[in-house]
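Everything on this sheet refers to the single structure shown next.
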Amino acid sequence: MVKCAKIFEGLFLVGYLLLMAGCATEEIVQKNATGSPLETKVWFDNHQKDYSATVLNYIEDLQWQNAIVSTGEIGEVVEVPFTLTESLSASTKEANQYNDHHRLMFVKDEQNGYKLFYVQIFANDEDYNVQDKNYNYYNIKDNFDGNIYVQELATNIGSKIKFKDGEKIEHSNTGKMQEYACVYYGWWGSDGSFTPIYEVGCYGGGGGNGVPSGGGENPGPGYGGGTSSSNTPSCPAGYRYKLGECVFVDKITNLLTGKAKCLNDLLTQNGNDFVKNLFSKFEGTSKFDISISSKDVVMGTKNGVESEINGKTLKPKGKLIEIEISTSRVNARAPIEVARIILHEYIHADIYRKLGTVLATNVENLDFKETFEKYEGEHHSVMAKLYVDSIKESLKQFHQLFPGDIKAYTDYYNEAPSDAFYEALAWGGLRDSNVKAWNELSAEKKASIEALASRVEQFSKTNPCNN
């Protein structure tokens with residue numbers, strides 16, 4: 001089946017939830033540039049910076065001239081179609097969504113002016129016309145088959161709603177997890193494969209009756225039985241509410257699998273301030289995103305010889321920094337060593353981010369390609385000089401998740417893992433004659449680090465990722 005990568009020029013609305021509950025009579029009203037779309041555009045121009053949603057970074061053409069205004073039970077709704085930058089399309093990792101269409105939806109809100117939503121429409125029929133002006137929040141055509149993904153951009157909470165012949169397909173409570181899906185921006189290959197690059201959001205099955213919720217005179221659309229925006233727990237700065245907890249607001253697309261994914265999740269969810277701050281740098285003003293993925297084998301060159309390595313971080317491709325982690329190497333390592341490998345590669349990405357951000361703002365003084373080539377070989381020297389203490393503290397905290405390892409180490413060596421032990425771990429991948437900081441250590445210090453680092457391989461007693 002041909003998978004459409006083009007973005008629609010028409011519009012589509014997100015109240016599909018309300019619709020399923022049996023809409024009250026609605027009034028569809030088209031307005032010209034002097035009406036609601038103009039007011040909405042002014043509001044959006046003034047408030048766009050208040051949102052950190054991924055979608056807002058990849059809008060190429062927001063088609064205000066094609067805005068649809070409709071009114072009904074929850075009041076006035078304005079929907080604006082748009083196309084994506086860089087010829088991107090949207091789908092899931094399984095590549096089972098196609099013919100994608102995109103809209104921003106604005107719902108009147110007395111307190112803030114508007115509530116802002118992102119609507120993605122995936123029609124099963126690649127020729128299905130979503131440009132029909134009557135195809136909107138209050139009115140879904142009776143022959144529509146496909147899925148609609150709705151995300152409130154203030155919270156990033158989203159819901160997936162499935163339609164058959166224009167009717168919402170209800171899901172049982174036991175089937176909700178099966179309906180859970182994460183959507184990515186990426187590219188379709190000529191062979192029909194989809195390469196995910198940027199995570200857009202994750203969406204639960206749209207159970208419930210979809211009645212709008214949130215209180216107030218003009219409540220925003222609900223999430224098909226999910227948590228309404230007004231009841232969403234507040235999260236600290238730099239975090240967002242997702243799947244029942246506050247998680248980092250980041251631009252990291254996680255394509256890891258198996259043990260690497262499990263340990264990466266543990267590291268990023270339980271890391272200290274260094275880990276949190278490292279991740280948060282890829283949000284806001286950062287010029288770059290990260291994609292981290294598992295590969296069966298990762299090859300690299302050391303001292304002119306190509307061999308298998310734990311992982312590597314590739315030079316930026318446009319805005320994207322790609323990290324590859326070796327599945328075969330990770331599966332043979334203790335949990336704390338895998339955490340060290342992943343953190344090591346994230347720091348490589350952070351160095352690229354810092355260098356690239358500086359270059360992007362000082363292009364008249366520095367040649368991008370020449371400077372990258374000059375400093376690429378210096379990453380490990382920079383890491384050894386500036387990051388070893390931070391890595392040590394992060395690994396020390398991470399190790400607390402594995403009390404069996406700590407007990408085995410203590411029983412065997414008659415001492416608990418010391419700061420020197422975690423420092424030795426932090427030097428992993430940096431103990432090289434090309435690394436200036438390593439060369440500056442005394443012979444005794446090097447020997448001590450080598451001896452302590454070798455101990456980690458002996459203790460992997462508690463590893464939930466092997467289950």
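Looking only at the stretch 294-337, how many residues end up being surrounded by fewer than 17 Cβ atoms within 10 Å (Cβ to Cβ), in contact (Cβ under 8 Å) with a residue 60 or more places away in the chain and among the hydrophobic types (A, V, I, L, M, F, W, C)?
1
Test Pro464 against the criterion of being out of contact with any helix residue (DSSP H, G or I) (no Cβ under 8 Å at 6 or more places or on another chain) and modelled with pLDDT under 90, and give yes or no. Before the answer, list the steps.
Numbers: out of contact with any helix residue (DSSP H, G or I) (no Cβ under 8 Å at 6 or more places or on another chain): no; modelled with pLDDT under 90: yes.
No, not satisfied.
Residues in the stretch 401-452 that are small (Gly, Ala, Ser) and over 22 Å from Lys312 (Cβ atoms): how many? Write out each step before concluding.
Let us first name the residues in the stretch 401-452 that are small (Gly, Ala, Ser), namely 404, 408, 416, 418, 420, 424, 426, 428-429, 433, 437, 442-443, 447-448, 451.
Okay, now just the ones that are also over 22 Å from Lys312 (Cβ atoms), so 404, 408, 416, 418, 420, 424, 442-443, 447-448, 451.
Qualifying residue count, the stretch 401-452: 11.
What residue, of Leu62, Leu56, Leu104, is open to solvent by 10 Å² or more (accessible area, probe 1.4 Å), among the aliphatic types (A, V, I, L, M), modelled with pLDDT of 90 or more and over 17 Å from the mean Cα position of the chain (by Cα)? Outline the logic, then answer.
Values: Leu56 fails: over 17 Å from the mean Cα position of the chain (by Cα); Leu104 fails: open to solvent by 10 Å² or more (accessible area, probe 1.4 Å).
The match here is Leu62.
Conditions tested, residue by residue: (1) of a type in the set (Gly, Ala, Ser); (2) at pLDDT 95 or above; (3) under 35 Å from the mean Cα position of the chain (by Cα); (4) closer than 22 Å to Leu343 by Cα.
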{"residue": "Pro403", "(1), (2), (3), (4)": "no, no, yes, yes"}
{"residue": "Ile406", "(1), (2), (3), (4)": "no, no, yes, yes"}
{"residue": "Thr410", "(1), (2), (3), (4)": "no, no, no, no"}
{"residue": "Tyr413", "(1), (2), (3), (4)": "no, no, no, no"}
{"residue": "Ala416", "(1), (2), (3), (4)": "yes, no, no, no"}
{"residue": "Gly429", "(1), (2), (3), (4)": "yes, no, yes, yes"}
{"residue": "Asp432", "(1), (2), (3), (4)": "no, no, yes, yes"}
{"residue": "Ala437", "(1), (2), (3), (4)": "yes, no, yes, yes"}
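Hey, any hits in the stretch 18-39 for a residue that's modelled with pLDDT under 85, part of a strand (DSSP E or B) and on the phi < 0 side of the Ramachandran plot?
First, the residues of the stretch 18-39 that are modelled with pLDDT under 85: 18-36.
Then drop every residue that is not part of a strand (DSSP E or B), which leaves 27-28.
The next check asks that each one be on the phi < 0 side of the Ramachandran plot; those that pass are 27-28.
Yes; the residues of the stretch 18-39 include at least one that is modelled with pLDDT under 85, part of a strand (DSSP E or B) and on the phi < 0 side of the Ramachandran plot.
Looking only at the stretch 163-217, which residues are among the charged types (D, E, K, R), under 20 Å from Gln151 (Cα atoms) and at pLDDT below 50?
Lys176
I need every pair where a residue in the stretch 153-165 that is farther than 17 Å from Leu104 by Cα and open to solvent by 10 Å² or more (accessible area, probe 1.4 Å) has its Cβ under 6 Å from the Cβ of a residue that is assigned to a loop (DSSP other than H, G, I, E, B) and not hydrophobic (A, V, I, L, M, F, W, C), sequence separation at least 6 or different chains.
Lys164/Asp145
Please find, within the stretch 391-435, the residue that is farthest from Phe459 (Cα to Cα) out of those that are outside any helix (DSSP H, G or I) and open to solvent by less than 20 Å² (accessible area, probe 1.4 Å). Please lay out each step first, then the result.
To start, the set of residues in the stretch 391-435 that are outside any helix (DSSP H, G or I) comprises 400-402, 414-418, 427-435.
Remaining after also requiring open to solvent by less than 20 Å² (accessible area, probe 1.4 Å): 402, 427-428, 430, 435.
On the way: Phe402: 10, Trp427: 18, Gly428: 17, Leu430: 22, Val435: 28 Å.
Filtering the stretch 391-435 for residues that are outside any helix (DSSP H, G or I) and open to solvent by less than 20 Å² (accessible area, probe 1.4 Å), the one farthest from Phe459 (Cα to Cα) comes out as Val435.
Check off (1) modelled with pLDDT under 70; (2) charged (D, E, K, R); (3) touching a helix residue (DSSP H, G or I) at 6+ places or on another chain (Cβ under 7 Å) for Lys242 and give me the number that stays unchecked.
(3)
So is Tyr118 open to solvent by less than 20 Å² (accessible area, probe 1.4 Å), hydroxyl-bearing (Ser, Thr, Tyr) and under 18 Å from the mean Cα position of the chain (by Cα) or not? Talk me through it step by step, then tell me what you get.
Details: open to solvent by less than 20 Å² (accessible area, probe 1.4 Å): yes; hydroxyl-bearing (Ser, Thr, Tyr): yes; under 18 Å from the mean Cα position of the chain (by Cα): yes.
So Tyr118 passes the test.
Restricting attention to the stretch 361-370, does a residue exist that is modelled with pLDDT under 90, assigned to a helix (DSSP H, G or I) and of a type in the set (Phe, Trp, Tyr)? Before you say what the answer is, go through the steps one by one.
So the first thing to find is which residues in the stretch 361-370 are modelled with pLDDT under 90, and the list is 361-370.
Imposing the further condition that a residue be assigned to a helix (DSSP H, G or I) reduces the set to 361, 368-370.
Still in the running and of a type in the set (Phe, Trp, Tyr): 368.
Within the stretch 361-370, one or more residues are modelled with pLDDT under 90, assigned to a helix (DSSP H, G or I) and of a type in the set (Phe, Trp, Tyr).
Among the candidates Thr83, Thr71, which residue alone is more than 18 Å from Ile157 (Cα to Cα) and either buried (at least 21 other Cβ atoms within 10 Å of the Cβ) or modelled with pLDDT under 85 (or both)?
On the way: Thr83 fails: either buried (at least 21 other Cβ atoms within 10 Å of the Cβ) or modelled with pLDDT under 85 (or both).
None of the other options fit; the residue is Thr71.
May I ask you to list pairs of residues, at least six apart or on different chains, whose Cβ atoms are under 8 Å apart, with the first in the stretch 430-446 being free of Cβ contacts under 8 Å to residues at least 12 places away in the same chain and the second being among the aliphatic types (A, V, I, L, M)?
What qualifies is Leu441/Ile449.
The values are calculated or read from the model by the stated rules, or taken from the named source; none is laboratory data. Note that the structure is predicted; figures quoted are calculated from it, not measured. Neighbour counts are summed over all protein chains in view; Cβ atoms, including those assigned to glycine, are modelled from backbone coordinates with ideal geometry. Each accessible area value is taken on the protein alone, full model and side chains, heavy atoms only, with ligands, DNA and RNA left out. Shrake-Rupley method; radii C 1.70, N 1.55, O 1.52, S 1.80 Å.
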